[in-house]
Amino acid sequence: MRKLQRTLLIVALVFVANMAAWAIVNRGILEQPWGGVINGVSYSGYREGDAANHTSDADIEHDMSVLSGKVGSVRVYGVRDGLDRVPAAAARHDLNVTLGAWISRDPGANAEEVGHLIDVVHANPNIKRVIVGNEAILRNDISPADLIGFINRVKQQVDVPVSAAEPWHVWLKYPELADAVDFITVHILPYWEGIPVDGALGYVIYRYQQLAYAFPNKHIYIGEVGWPSEGQWVRGAEPSQVNQAKFIRGFLSMASEQRLDYSIIEGFDTPWKREIEGTVGAHWGLWSVAREPKFPMSGAVVESSTWWPACLIASVMAIYPIQLFVRRRNLKFAGQLFYAGLIQVVVSIFVWAVMAAMAEKIINTHTIAWIALVAAQVVLLALLLVDGFEFAEVLWANERRRWFEPHERLPSPDAPKVSIHVTCYNEPAHMVIETLNALARLDYPNYEVIVIDNNTRDDAVWKPLEAHCATLGPRFRFFHLPQWPGYKAGALNFALAQTAADASIVGVIDSDYIVTPFWLRACVPYFDKDEIAFVQAPQDYRDGGEDNYKRLCYWEYAGFFHIGMVQRNEHNAIIQHGTMTLIRKVALQKVGGWGEWCICEDAELGLRLFESGYEAVYMNHSFGRGLIPDSFSGYKTQRFRWAYGAVQILKQHWRALKEGNQLTRGQRYHFISGWLPWFADAAHVVFALAAILWSVLLFFKLVEFPPSVFLIPTLSVFIFKIVAGFWLYHARVKCGWRDRFGAAVAGMALSHAVARAVWQGLFTSDKPFFRTPKCEGRPALFKIFLMAREEISLLVALVVCSSVILWEFGTENRSADLWAGMIAVQTLPYWAALFVAMVNVWPPKRPKTGVTAADVMASAEMTALPAHPTPD
């Protein structure tokens, strides 16, 4: 009952908060009301889906009935395609008409248009004035002299005033045009000139007065004035329904006070103009394409009058996952409320994005772009939920249910026998000898060590190991396999076959690991429980203090073992990794040994053991330390192998991860969600390439900027990941803020390598095992570009795109700023790769301070070795 009450309380709190958030975002604004008749509006006649010459008489009649009583006249731009029928329909609804002749680059069509215009004027007495040409000089379709010729022809044959329509600067440039007309028709559109809406009315009257001063004897008719309700920013000019209402209501009041002659562009939204002007071209109307008023002329104005149904849909969609999460997750109230709220945020953003996409009602290249954007949004939001879940569990989990401490009692002489397997391939002999010496010092009475060198061709590399094993006594057995299949897994299966019959536990460590003497006695007692298949300790490193590069890597590794593995252990879903692991031999044999088909044989084995119903123990204590890859290339190669292997595992085990009783719900969740960020890295490469392509298309005006509904969440998800990562490190990894920052940079630097691994893993299955090089030494300075050449190439391309977009569209254009900001976010992994490569080759400022074998052996602490490097 108490859980039900908590669930209802959380659902109610989230529901109220969601309603409040939507209401705040869509809160109305109060502007100066307008209650009079609008002087005039532009009218093109076409509805959505209409083709030329197919505007029906019924549609025109209906449109005139909608405008009747609300406007005094309509401005029509030409007499072709059925527009010559507009004046008669307007007359039946007591509307006057300003009729236009459309002037193009075709002299014959122009002559025909002008001739037909004259006939229509003679037939319709409600045509009160005529405009010959609409921005024809601005488009360079005709010269001023030729246009004046058409104007004079019309003036001679009609008895109404005649003009031409051009922007204000064309009239000032060609005063002879003003001399030829009876009145000046000027287009003043602050939006296209990037004027913010708050300064738009002042701009209109400034340009109007400028023309009035230049041509004091001419009547000035503002033939186009208005503001769009949707579309791209132009510098500081934002299209929105609220801004449209603000401008229109303010202008109408100003025009009434100053007795301006004007025509609002335009009466109805015109979807066909998308192909000419983009989204903004379709949204200048005072009425929607459905012939509904887009905003009231008095009272409050809201951006979307239908926000509350969307809000309700989002709330209803979120209720089920929220209550499911709250009932099944053992978190404190704050953690449950946080994640429930995050679920609601994600659902609301998704509903907002889908509604915005549904507003595009025609199938064209923009629709395809919308589909791609929505798909990308789904990936981002899924990643946000996964990160948010980990964040909530780490910070607000109740007391840990599966926390394992090292056993401290001394083992008896008949303790279970452990067979420790060490595989080598072309490894430096001195490094492996250090590892074997540490194994010889184990304070455990019953163990053996099997050393397998496979496929090393140089006798000088493996012969010293064979000789050293002979000096360490009968516990140590050495095998050299000149040509052996299966990579590391093949060598481990060979070792399994050579394991002593009385050994019940198999231990595996990498050839560079120096273990503490108490490793086995601290861990082996957990095998007293038959359900335990393996005991895993974290990977740790003894050279993290050597230089700044290895320090970055050290703390990046630490995040997984101190955060991710601890949380996975709560659900018996840890990743088995191929060092510092102990495995029950009978369980290993039962599931078929090591998988030689997979280059991440360790993680794949762990999953098979879970599928067989076994459990695992994870002790977050360091019992041994290895070596960090000396080069950034080696670091990337190691992560490539892990990510490629993960994709192999998912492809092989997808049925078990999808359904069935082989795995628990928690195991399925962690194995999928744990690798999801790597798929996000793969998606990032696609997004980066898409951003480059989109930027090129933007430069050539072939597409528009993606709406803010997509760009803002992209930036927000990135910010959340950074903040959450720092917070989790603060809570679970004992390092200073500089090391947290360094770990984040090192993790981002691996993104491209992970992305390549995922994409190759999806379409191939036969990549060989990549050995992580050890004891390479510091790479040369010139190798910066070799180690990060792909990342640097993408970085340069993205930086160029961002710079060109800002140069082309200006820094005052919010759409351009957001796009450039999103590209800047996309560049961060590539900057990180360049930075880590540079740090890798830069000489250290202090001598090496890594932990030596003697340091490890001297440690008397059982719970953990001293942390290296020392946290700042």
Summing +1 for each Lys or Arg and -1 for each Asp or Glu, what net charge is found among the other residues whose Cβ lies under 15 Å from the Cβ of LYS173?
-> -2
Cα axis of helix 57-67 to longest principal axis of the chain: angle in degrees, 0 to 90, nearest 10?
-> 90 degrees
Holding the Cα-Cα limit at 23 Å, pick out from LYS651/LYS721; LYS488/LYS651; LYS70/LYS246 the pairs that are longer than that.
-> LYS651/LYS721
Work out from phi, with θ = phi - 60° and the Karplus expression 6.51 cos²θ - 1.76 cosθ + 1.60, the ³J(HN,Hα) of each residue of region 104-120, listed in order in whole Hz, and give x for Gly and Pro.
-> 10, 8, 9, x, x, 5, 5, 4, 5, 4, 5, x, 5, 4, 4, 5, 5
Could you please state, rounded to a whole Å, how far the C-alpha centre of region 676-710 is from the C-alpha centre of region 485-561?
-> 42 Å
Multiply the residue separation of SER143 and THR811 by 0.36 nm, subtract the distance between their alpha-carbon atoms, and state the gained length in nm to one decimal.
-> 237.0 nm
Dipole moment magnitude, nearest 20 debye, the chain about Cα centre, only Lys, Arg, Asp, Glu C-beta charged | 2520 debye
Under a straight-distance cross-link criterion of Cα-Cα below 26 Å, which lysines are reachable from LYS658, leaving out those fewer than 8 residues away in the same chain?
-> LYS590, LYS767
Over the chain, what relative contact order in percent results from Cα pairs under 8 Å that are six or more residues apart?
-> 11 percent
Ignoring ligands, DNA and RNA, what percent of the accessible area of the chain is carbon or sulfur (1.4 Å)?
-> 60 percent
As straight-line cross-link partners of LYS701, the qualifying aspartates and glutamates (C-alpha separation under 12 Å, not fewer than 8 residues apart within one chain) are GLU275, GLU277, GLU808
What is the packing order of peptides 673-680, 511-518, taking the mean over residues of other C-beta atoms within 10 Å and listing the highest first?
-> 511-518, 673-680
Sorted by accessible area with a 1.4 angstrom probe, largest first, how do GLU405, GLU704, GLU812 fall?
-> GLU812, GLU405, GLU704
Lys and Arg at +1, Asp and Glu at -1: neighbours of LYS658 with Cβ under 15 Å from its Cβ sum to +2
Going out from 0 in 5 Å bins, what whole percent of all Cα-Cα distances in region 649-760 drops into each bin?
-> 2, 9, 12, 16, 16, 16, 14, 9, 4, 2, 0, 0
Give the accessible area for HIS187 in Å² (nearest 10); use a 1.4 Å probe, count only protein heavy atoms, and leave out ligands, DNA and RNA.
-> 10 Å²
Rounded to the angstrom and largest first, Cα extents along the principal axes for region 194-320 equal 71, 34, 29
Find how many whole Å separate the alpha carbon centroid of region 262-294 from the alpha carbon centroid of region 791-844.
-> 37 Å
Mind pulling the angle between the C-alpha long axis of helix 365-396 and the longest principal axis of the chain? Nearest 10 degrees, somewhere in 0 to 90.
-> 40 degrees
Relative contact order of region 782-836: what whole-number percent is it, with Cα pairs under 8 angstrom and at least 6 residues apart?
-> 49 percent
Ignoring everything but the protein chains, give the 1.4 Å probe accessible area of LEU657 in square angstrom, nearest 10.
-> 10 Å²
Rel. contact order, % - alpha carbon contacts under 8 angstrom, at least six apart, region 528-683 = 33 percent
Could you work out the local net charge near ILE222, counting Lys and Arg as +1, Asp and Glu as -1, over the other residues with Cβ closer than 10 Å to its Cβ?
-> -1
Relative to the present Cα-Cα distance, how much length would full extension add between ALA824 and SER104 at 0.36 nm per residue of separation?
-> 254.9 nm
Taking the Cα atoms only, what angle lies between the long axis of helix 676-699 and the longest principal axis of the chain, rounded to 10 degrees?
-> 30 degrees
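The values are calculated or read from the model by the stated rules, or taken from the named source; none is laboratory data. The shown structure was predicted, so the numbers you read here are calculated from the model rather than taken from an experiment. All Cβ positions, glycine included, derive from the backbone under ideal geometry; neighbour counts span all protein chains shown. The accessibility values were calculated without ligands, DNA or RNA, using every heavy atom of the protein model including side chains. Shrake-Rupley method; radii C 1.70, N 1.55, O 1.52, S 1.80 Å.
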